[in-house]
1. Under 5 Å between amide hydrogens, which residues at least 5 positions from Gln4 or on another chain qualify, with H placed 1.01 Å from N in the peptide plane?
2. Residue separation times 0.36 nm, minus the C-alpha to C-alpha distance between Val52 and Ser22: what's the value?
3. Any chance you could look up the accessible area of Val19 with a 1.4 Å probe, heavy atoms only, rounded to 10 Å²?
4. Summing +1 for each Lys or Arg and -1 for each Asp or Glu, what net charge is found among the other residues whose Cβ lies under 11 Å from the Cβ of Ala10?
Amino acid sequence: MRIQVLSVSAMPLGVQVWVEDSPSVLTVYVDAELLSESGALLLQAVFNDIVVAWERQSAAPTRPHLRAVAG
């Protein structure tokens, strides 16, 4: 699983964070007023490092935990 973090403008209805989950990627959209593009890239790198560390353990129990925490 890969995690993608995007800093976006004009989020609808005052939404500040939105998460989309698909089988291959978890995408986190964050309002640009909260997070810059460079901040999004840094956060994405941190999340993906965590995923790699979790996958090195037992892949079966960690993926459901990540989905439960991340939404």
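1. The list, which skips near neighbours in sequence, is Leu26, Thr27, Val28.
2. Result for the pair: 9.0 nm of gain on full extension.
3. Ignoring ligands and nucleic acids, Val19 comes out at about 50 Å².
4. Summing Lys and Arg as +1 and Asp and Glu as -1 gives -2.
The values are calculated or read from the model by the stated rules, or taken from the named source; none is laboratory data. For clarity, every value in this text was computed on a predicted model and none was experimentally measured. All Cβ positions, even for glycine, are placed from backbone atoms using ideal geometry, and neighbour counts span all protein chains on display. The accessibility values were calculated without ligands, DNA or RNA, using every heavy atom of the protein model including side chains. Shrake-Rupley method; radii C 1.70, N 1.55, O 1.52, S 1.80 Å.
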